[in-house]
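The values are calculated or read from the model by the stated rules, or taken from the named source; none is laboratory data. Predicted model only: the values in this text are computed from it and were never measured. Cβ placement follows ideal geometry from the backbone for every residue including glycine, while neighbour counts extend to all protein chains displayed.
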Amino acid sequence: MNKRIQIDKLVFLIFFLISYYTFIHHLNNEIWNDEYYTINHFVLVPLKTTLLDYHVPNNHILFSILIKLYLNLIGFVDLKTIIENPFVSRIPLAIVAVLTLNYFWKSTIYFFKDILWRSISLLLLVSNVVFGNFIFQYRGYGIGMLFLTLLFYQLLRIIYDDKISWKTYLALLIFSFASFYTSPSNLYFLIALGLFPAIKYSLDKNNITDFFKSTSFRSGLFILFGILLSLLAYSPIFKEVFNNEYVTNSSPFAFTNFERMFKALLSLSSFHFVLFGFGIYYLIYNFVKKQIHSNSRFWFPFLICTLPCFFSFLHGDVPPDRVYSVIVPFFTILLTQSLFLFLQKLNLLNNQKLYLIIPICILIHFSFSELYLFEKLGYDNSNGDRDQNLTLQYHNYHFNSLGMIKILKSDSLLNLPIFYEENFDNTKVLTDVYGIKSKIVSMDSIKSKSYILLSNKAFSEKAGMTYKLINSDKQYFKLYKVEVVKR
């Protein structure tokens, strides 16, 4: 048993090191617009403001509280220090990433007996673009992912190991509270997690009269208690949280929302569309053969990922894609199971060569995905486009406020007036943090003969003006030195 535990830890360490090299660059990402807003309005403020200000959904309250404690502990009490030291500022998010990977790894043992398949599942997660994009962001998505993974792990222990104590139920309550109090958008995922024990109880054809005495019922009940406790914490700002003007809604039963939800789930596959297809095949096969109850370990992550879409359909919610980022660990297990079950149908599970080929293919796929995204982001930026979604995160790679400030403070540009266009996102950092004076204008109203223009668009030389691009055209922002030749 001890040898097995040692091997288990060794394999996790190997894949942790792979993930370290895969995602370490995210820790150095500059603080971008939404992160800046979260820090400025909900973290570097009195605790009362953190708890009671929900004028926009950027306040992931429990995350804001924990980050506030960390920043106060290390003495980062102003925006300039945080912005200029992103690596140190993001250390708690690195800890969140490690814990999420650890409990994901522990959860995989309930789905795959073979450590090779557990390793494939972990490799799929650490090479998932969505995981890398959101786990290190200065918002509550990473910590929300951790709390849901912890809750998932505890439920697996109850359902499949029968490991039950008052500590286990207390963990269910704490993690469900923490997840919901981090972000209200996690509610539907919590309901799906809470319902599964009851669904499995039903699929196992147990006596329905004993349900209210079962661990399945008690598990769901403690998750409900966690949700109710969160609602109590939200009560002073209930209206702002659940009827926020910035939250988009449509009419219930709007089928057009399904297309958006499907695309979001497809994005969670991180371009592993073939594995996604295997999962669809397995679903159809089981429906046709009427074997829905045959593999509860497939249905558990499946329901966590799909039931929230059904709830949104019933209620008329239109959640942004980023809401789904927190379920990428469950979706990864689903993708791994899809591949496993497909190969099982083809009687290929004993082919040892596959266990070398599959990890190599995953790493090659990840490398090409990163290369594609980098080129796509650079191309779109150079053309003034921004089709942002779960995989395309422009700010993560190309925001570069510090580079822009360094250029603007150079001697050759210091005395030139600075103008920006309406859709330019970096102005808050310029004015609030560094005191660089700039103002919004329409192009035709500028009277200066020489000035700096900040824009997300690409300009070329036109009659009467020359545009000299000072930074790279692949940056999200573009900084031009404009000279008026004639009027």
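Here is how the numbers come out for the structure above:
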read-out	value
Boolean, L363 is within 25 Å of the chain's Cα centre (by Cα), part of a helix (DSSP H, G or I) and modelled with pLDDT under 85	yes
Yes/no for L187 being over 23 Å from the mean Cα position of the chain (by Cα) and within 30 Å of N58 (Cβ to Cβ)	no
Filtered residue count, segment 307-317, keeping only those that are among the polar types (S, T, N, Q) and surrounded by fewer than 16 Cβ atoms within 10 Å (Cβ to Cβ)	0
Among the residues listed as S179, S230, S202, S216, the single one being in contact with a Lys or Arg (Cβ under 9 Å, 6 or more places away or on another chain) and assigned by TED's automatic domain parsing to the domain that holds Y138	S216
Test: residue in segment 115-128 that is in contact with a Ser or Thr (Cβ under 6 Å, 6 or more places away or on another chain), farther than 29 Å from S216 by Cα and small (G, A, S)	no
Residue check, Y355 touching a helix residue (DSSP H, G or I) at 6+ places or on another chain (Cβ under 9 Å), crowded, with 17+ Cβ neighbours inside 10 Å and in a helix (DSSP H, G or I)	no
Which numbered condition P319 misses (of (1) over 30 Å from I158 (Cα atoms); (2) touching a Phe, Trp or Tyr at 6+ places or on another chain (Cβ under 9 Å); (3) in a helix (DSSP H, G or I))	(3)
Qualifying residues in segment 247-286 (those that are among the hydroxyl-bearing types (S, T, Y) and under 25 Å from the mean Cα position of the chain (by Cα)) - the one surrounded by the fewest Cβ atoms within 10 Å (Cβ to Cβ)	T256
Flag for Y188 being surrounded by fewer than 24 Cβ atoms within 10 Å (Cβ to Cβ), at negative phi and in contact with a strand residue (DSSP E or B) (Cβ under 9 Å, 6 or more places away or on another chain)	yes
Single unsatisfied condition, L303 versus (1) farther than 16 Å from L339 by Cα; (2) modelled with pLDDT under 80; (3) among the hydrophobic types (A, V, I, L, M, F, W, C)	(2)
Residue that is in the same structural domain as F330 (by TED's automatic domain parsing), closer than 14 Å to G226 by Cα and of a type outside the set (S, T, Y), where the choices are L124, L170	L170
In segment 231-243, residue modelled with the lowest pLDDT [restricted to those that are surrounded by 14 or more Cβ atoms within 10 Å (Cβ to Cβ) and farther than 20 Å from I191 by Cβ]	E240
Enumeration of residues in segment 306-342 that are touching a helix residue (DSSP H, G or I) at 6+ places or on another chain (Cβ under 7 Å) and free of Cβ contacts under 8 Å to residues at least 60 places away in the same chain	C309, L334
Condition met for L341 (assigned by TED's automatic domain parsing to the domain that holds R157 and closer than 26 Å to L155 by Cα)	yes
Selection from segment 151-177 of residues that are surrounded by fewer than 23 Cβ atoms within 10 Å (Cβ to Cβ) and in contact with a Phe, Trp or Tyr (Cβ under 6 Å, 6 or more places away or on another chain)	Y153, L156, Y160, Y169, L173
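Residues checked against (1) buried (at least 20 other Cβ atoms within 10 Å of the Cβ); (2) within 14 Å of the chain's Cα centre (by Cα):
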| site | (1), (2) |
| --- | --- |
| I91 | no, no |
| L99 | no, no |
| F104 | yes, no |
| L116 | no, no |
| S121 | yes, no |
| G142 | yes, yes |
